[in-house]
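The values are calculated or read from the model by the stated rules, or taken from the named source; none is laboratory data. Predicted, not measured: the structure shown is a model, and the values here were computed from it. We place every Cβ from the backbone using ideal geometry, glycine too, and count neighbours over all the protein chains shown. Quick note on the areas: whole protein, heavy atoms, side chains included, nothing else; ligands and nucleic acids left out. Shrake-Rupley method; radii C 1.70, N 1.55, O 1.52, S 1.80 Å.
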Amino acid sequence: RQRQMCIRDSTNIVRYSISKMLENKSGWFLITASAAGLLSQVGSATYSTTKHATVGFAEWLSITYGEKNIGVSLLCPQGVNTPMTEKIKDGGVAGINGMLEAEDVAKISLNQMAKGKFLITFFNELE
């Protein structure tokens with residue numbers, strides 16, 4: 001189920017919207033992969049590999065449609081306070097460098113998308 005959710009959500013969004021974006025000759029996708037897509041998630045091969053696949057999909061999407069005026073940003077936050085993390089003490093492994101607020105992630109993501117940035121992270125080691 002986790003594999004299906006992590007990969008299928010992004011591909012379904014693209015499948016159902018790309019034709020309209022191509023028709024309009026514009027559009028933008030924000031694909032969320034998590035920092036685990038760039039690094040790894042200790043203790044979860046399934047989560048890590050599906051997030052790596054999501055990174056690859058976003059890269060493919062950008063390469064394939066970038067010249068057709070379809071933008072792509074890849075969001076890779078580390079720990080974010082969401083219902084998924086609220087019952088895990090200090091965010092668990094994801095919260096090792098602290099937890100981000102979802103509203104802050106959204107604001108920064110929109111700002112970075114407006115600048116045309118592909119990779120959006122919240123930790124300096126990867127930038």
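Brief remarks follow.
- Across the stretch 99-127, the qualifying residues are those that are surrounded by 11 or more Cβ atoms within 10 Å (Cβ to Cβ), not β-branched (Val, Ile, Thr) and not in a helix (DSSP H, G or I), and the one among them that is modelled with the lowest pLDDT is Phe123.
- Residue pairs meeting the criteria (Cβ under 7 Å; at least 6 apart or on separate chains; first part of a helix (DSSP H, G or I), in the stretch 9-30; second open to solvent by 50 Å² or more (accessible area, probe 1.4 Å)): Leu22/Lys68
- Complete set of residues in the stretch 65-97 that are at pLDDT 90 or above and either among the charged types (D, E, K, R) or surrounded by 13 or more Cβ atoms within 10 Å (Cβ to Cβ) (or both): Tyr65, Glu67, Lys68, Asn69, Ile70, Gly71, Val72, Ser73, Leu74, Leu75
- Residue in the stretch 28-48 that is nearest to Phe122 (Cα to Cα), counting only those that are surrounded by fewer than 18 Cβ atoms within 10 Å (Cβ to Cβ) and out of contact with any His (no Cβ under 9 Å at 6 or more places or on another chain): Leu39
- Applying the condition of being among the polar types (S, T, N, Q) and at pLDDT 95 or above to the stretch 54-64 and asking which residue is surrounded by the most Cβ atoms within 10 Å (Cβ to Cβ) yields Ser62.
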